[in-house]
Amino acid sequence: VVLSAATTQSTVIAESAFGFASGGRYPVADCALFGVAACEAVAHVASTERGVVTQRLEGHEGRITCVVPIDPPAVASMASSSSIDAPSDPRFVRPASGAGAAASHLAGCVVTASADHTIRLWDARLRRAQALAFRDHADAVTALVLDLPSCGLWSASSDTCVRVWDLRSGRCRFHLTQHFGAVQCLVADASLDGGRGGLVSGARDTAVHVWARATGACMRALRTQRGFVQHVAVSPPMTATTLIACASTNGKIRLWDHHRGRCVRSLAGHAQAVNCVGWTRALAAGLDNDTALVVSGSNDATVRLWRAKTGAPFRVFRHHRGPVVAMHVDYAASSASAVSSEPCTTTTRVFSASTDGSVRLVRVTG
């Protein structure tokens, strides 16, 4: 299914709730409550209920690379739930129960990052949005992760640094310089540091670093990656051990047990660089009772699904005519019927965006 014919003007679209992740370079989203679309150096805030643009966020002097909206339902959800089944988003650090109340004043704000080396926090609730600027990066900002429990913001940049900011004052809390190449991606992982949470970053120095959220300390460096790291995804709670999948320019995806610093397996099959990676699951006859699947998109114009347990290919989709540069994966499980003997099944939806100008949706029922 072709969802839209994309243009080269709109580079970043992000939703306000927990559906689509937009921490990478080419995010794609389906806006739920209010949405933010970035066109070069200007971000447009739109109400999806009314279908009109309500704000223009102007102030960046370069192309906007990341957008993270903070909507009231997201803050409320994070404040009220700390269970493993709570909505998960790699842009947000999951708080302990009730901790999200400290960030309640941020509800309705939008964070944007740009190639002009700056990050801006916008109060989109005002008639004319005001911005707090974060200016210490020396190159384009490539990824953002919000730490709402501590009113913090993590950012990655092509200047090889990861920084942690205080959203209340705009001051830099930590300046992390362990990478030696441009940092491409940054994701949150609630299972790190004994459940206190942490983050994982990947860079063009071929390394993946694991950071403690509370102290900013580098807990581990994974250095046997072959090729620049393009994207990193953390496995959801469906796997027995939390793993990360790393997409690389050498056409391979490596699965790491980042708690122990061990590479579990390598997935080979793409003919060119892998730009994006994600996780889903399968509940079906002929597969394990609960099989974790890795999903990847590549410059070879394919989207592939892999069995994480064995590394074996599961499905290949060749619908695009150009490199796949962004992807979002979600799934829904149908419970077994009390009347019929039909087992539980899952439906995975894979949204993929390509330089061929299209965004495509593929449904996989397992």
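Taking the Cα atoms of region 194-247, report the difference between the largest and smallest coordinate on each principal axis, in whole Å and largest first.
Taking the Cα atoms of region 194-247, the three principal extents are 30, 28, 15 Å.
If the only charges are +1 at each Lys and Arg Cβ and -1 at each Asp and Glu Cβ, what is the size of the charge dipole of region 153-220 around the Cα centre, to the nearest 20 debye? Walk me through the numbers before you get to the answer.
On the way: 8 positive and 5 negative charges, 40 e Å.
Dipole size: approximately 200 debye.
So how much accessible area does Asp356 have, in Å² to the nearest 10, using a 1.4 Å probe?
40
Excluding ligands, DNA and RNA, what is the solvent-accessible area per residue of region 163-310 at a probe of 1.4 Å, expressed in Å²?
Numbers: 5510 Å² over 148 residues.
Spelled out: the 1.4 Å probe surface of region 163-310, per residue, equals 37 Å².
Carbon and sulfur atoms: what percent of the 1.4 Å accessible area of region 152-310 do they account for? List each step's numbers first, then the result.
Numbers: 2570 of 5640 Å².
Roughly 46 percent, rounded to a whole number.
With a/c under 1.5 counting as rounded, go ahead and sort region 183-284 into rounded, prolate or oblate using the C-alpha gyration tensor (a ≥ b ≥ c being the square roots of the eigenvalues; past the cut-off, prolate if a/b is larger than b/c, else oblate).
Details: a/c = 1.95, a/b = 1.20, b/c = 1.62.
It comes out oblate by the Cα gyration axes.
Return the ratio Rg/(2.2 N^0.38 Å) for region 172-215, where Rg is computed over Cα atoms only. Kindly include the intermediate steps, with their values, before the conclusion.
Numbers: Rg = 10.7 Å, N = 44, 2.2 N^0.38 = 9.3 Å.
Taking N as the residue count of region 172-215, the ratio is 1.16.
Mean separation of Cα pairs under 8 Å and 6+ residues apart, divided by the residue count of region 141-273: what relative contact order is that in percent? Numbers along the way, then the final one.
Working: 340 pairs, mean separation 18.3, N = 133.
Rounded, it is 14 percent for region 141-273.
Using the Cα gyration tensor of region 153-231, with a ≥ b ≥ c the square roots of its eigenvalues, what is the shape: rounded (a/c below 1.5), prolate (a/b larger than b/c) or oblate (neither)? Before the final figure, lay out the partial values.
Details: a/c = 2.16, a/b = 1.30, b/c = 1.66.
Because a/c hits 1.5 or more and a/b fails to exceed b/c, region 153-231 counts as oblate.
Would you mind checking which residues have amide H under 5 Å from Ala308's amide H? H placed 1.01 Å from N; only 5 or more apart, or other chain.
Close amide H contacts, sequence-distant or interchain: Ala292, Leu293, Val294.
Amide H to amide H, which residues 5 or more places from Arg63 or on other chains are under 5 Å from it, using H placed in the peptide plane?
For Arg63, the qualifying residues are Ala115, Asp116.
The values are calculated or read from the model by the stated rules, or taken from the named source; none is laboratory data. Fair warning: this is a prediction, and the values are worked out from it, not measured in the lab. Neighbour counts are summed over all protein chains in view; Cβ atoms, including those assigned to glycine, are modelled from backbone coordinates with ideal geometry. What goes into the accessible areas is simple: the full protein's heavy atoms, side chains included, and nothing from ligands, DNA or RNA. Shrake-Rupley method; radii C 1.70, N 1.55, O 1.52, S 1.80 Å.
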